Structures are given as structure tokens and as C-alpha cells.
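The values are calculated or read from the model by the stated rules, or taken from the named source; none is laboratory data. This one's a predicted model, so the numbers in the text were calculated from it and none came from an experiment. Note that we place each Cβ from the backbone using ideal geometry, even for glycine, and neighbour counts take in every protein chain shown.
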Amino acid sequence: MAQDATPDRPIPPDPSPPRPSSAPNPHRLEDRGDDTIIRVGQVDRIWSDFYHHALTAPWSTFFYGSLLVYVGINLLFALLYMADSNGISGTHPHSFADFFFFSVQTLSTVGYGGMIPVSHTANLIATVEVLGGMMINALATGLIFARFSRPRARVMFSHKALILWENNQLHLDIRIANCRRSPILSVDVECALARLIRTPAGRVVRQFDPLPLQQAHVPVLRFACTPTHVIDKDSPLYNMTENDLSAQEAEIIVSLTGTDEASGQTVFARSAYGFDRMLYNHRFVDIINAGPDGRITVDYTRFDQTESPQDASADVAEYLADQPD
């Protein structure tokens, strides 16, 4: 930590543009997808947690996986029916397609009546398939309903986090917007600084320091809000330079919890900001405008747009110029 700051002012961050990271950092908590994570010593078997995998898999994986299972089951039963080729009336001799489509009708419990099991063997196989078909249809219906009804917060987080000196305060700003027409009620926003700390024993551990917000609770989030953390003497960011934070592989973790008014369900959202995603001496432009007819316009195309106040740039430049070499 730097020790050359005056007692009443923290050291402002480097006003130069952020440096792009050269490679993904394995310690970062930013969400880059599970495909970038290799777990050793923990086998993730799909059958041991089938419901979770089916619920969280991408729709494309869920659809093609369901199609593969459906076709595979019907192929298996078609082969069983073919073993007793005279057990199904209405089929052409040795026609695999007829037995396959009979299996489809039996599994779905449709039963058009054109093909009918007549032997004891065929009736036994059909009985097993009907029982399995009812269970599979119930399971598929429940999974599809759960995937559609799973609570999700359509919340946008600003691409950049802003650090700005304004009104004699250095503060960290992040913009959050609700993308749904229905508001989110009783919103709680939590912000924390995650960084790697070396313990006295020499171990490196990740430490989470809370970053108190000026307004952590929002009764109603209809459009957008800007949670603000003041970087004062009580802030974990106080007297921290960008080089200090980079050395500790620090990042800002933001989480949101609220209740969707339309569904009454609790929704969650989160984001993370590495210090290569910080923008200094900028503030967010306004995205909410009221027209002469009283209608409110929310311009989400300007959500990530920022502006640089001249007074803030001059203040930081003057402060940096006063610091000793």
C-alpha cells in the first residue's frame, strides 16, 4: 500500500486507460463459463445429479439430448418387437420402420389401432413400454415446466465499473437495469472486493471484503439504479493503487436479490469486474427521459455510455501533480 497520501484524501487511481489482460487469470471469479474450469478429484456424473444437469443445461443440449434418448428408446423397443415378428398385426413382414412407429405410438400411449400386439410376448413388451412411456412423459413435462418457470432476473450490469472524484468524494459506481416491464421489489445489492491475501503462515487465500453502498436496498427497481461505494478511510479500496490491486488479482463482485412482482418469485443476478474493466474519471449518462406528454423513455442503447466531467479530470490531474515523486 502507498503511504504518501494526505490524511484526508485517498490516492486516486491511475487515470490512464485500463490495460488489457493478456490471458485469463485462473484466480478470477468473473463468469467465463464452466468449460474453462477443470475439477480434479471430483467426478461429476450426470446420473448422480440428473435433475440439476437437465435443469441447467443449455436449451440446445437439452433438446438434442432428449431427442437422442427418445429415438434410442424407440429403436430398442423396435428391435424387441422384431424378435417376435408375428406378434404385431398390421405390420409388413420384417419392416423395421413399422415396428419403430408402433413403438412410437405405444411409448406416447397414442395407439391409433392400425397395428395391434397379438402375441403374449408382444403384449408383455408393450406393457413395459407403456409403463415406461408414462414415466418418461411425466418426467419430460416436469423438466420442461421447471425450465420455463425457473426464476430469472433479466438484469443488465454495466460493462464497466466507474471510479470518479466528484463532490469532494472518490466513489465507485456500477449501473444496474431491469429489462422487464414488471418491476423487481425489495432489491438488495451487495458489493465486495475479492483479492488474494498472503497469510502470516505464507498461504495465499482469497479474501472477501464488503464494500458498503450508499443505497444497498432499493424498494422498487423499475428501470435502473446506480449503486455507489464511497472510497473513504473505512473502504478496503482506500490508499490502494491500481498496481496494488493488480498484484492482489482483485476484482469487484456484485450480487442482486429481489422479488419479481409478476411471478412473486425471488430472483438473483450477479456480475464481476476485474480492474481491467474499470473506467476512471467518467460517469454514466442519463438513460431516462420524460417527454412532454408525460411518457417516460428508457434508452437502453445508452446503458453503457459514459461521459467525462471536466471538473473531475482537472481535480484528479491537480491532485496527482501535487504528489511527491
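Of the residues in segment 197-207, none is in a loop (DSSP other than H, G, I, E, B) and closer than 30 Å to Arg302 by Cβ. Figure legend. Inter-residue proximity from segment 43-72: first residues not assigned by TED's automatic domain parsing to the domain that holds Gly133 and exposed (fewer than 11 other Cβ atoms within 10 Å of the Cβ), second residues of a type outside the set (Lys, Arg) and part of a loop (DSSP other than H, G, I, E, B), beta-carbon distance below 6 Å, spacing 6+ or different chains. No pairs are indicated.
Comparison of Ser182, Ser119, Ser149, Ser186 shows that the only residue that is surrounded by fewer than 18 Cβ atoms within 10 Å (Cβ to Cβ) and touching a Pro at 6+ places or on another chain (Cβ under 8 Å) is Ser186. Does Met82 fit the bill of being surrounded by 14 or more Cβ atoms within 10 Å (Cβ to Cβ), in the same structural domain as Ser182 (by TED's automatic domain parsing) and either at negative phi or modelled with pLDDT of 90 or more (or both)? When the stated conditions are applied, Met82 does not pass them. Residues in segment 130-148 that are free of Cβ contacts under 8 Å to residues at least 40 places away in the same chain and of a type in the set (A, V, I, L, M, F, W, C): Val130, Leu131, Met134, Met135, Ala138, Leu139, Ile144, Phe145, Phe148.
When segment 270-301 is filtered for residues that are of a type in the set (Lys, Arg) and touching an Asp or Glu at 6+ places or on another chain (Cβ under 8 Å), the ones remaining, listed by number, are Arg270, Arg283. Filtering segment 129-146 down to residues that are out of contact with any Leu (no Cβ under 7 Å at 6 or more places or on another chain) and loosely packed, with under 13 Cβ neighbours inside 10 Å, which residue is farthest from Phe99 (Cα to Cα)? Among residues in segment 129-146 that are out of contact with any Leu (no Cβ under 7 Å at 6 or more places or on another chain) and loosely packed, with under 13 Cβ neighbours inside 10 Å, the one farthest from Phe99 (Cα to Cα) is Phe145. Only one entry of Val110, Val71, Val43 meets the criterion of being of a type in the set (A, V, I, L, M, F, W, C), modelled with pLDDT of 80 or more and part of a loop (DSSP other than H, G, I, E, B), and that entry is Val110.
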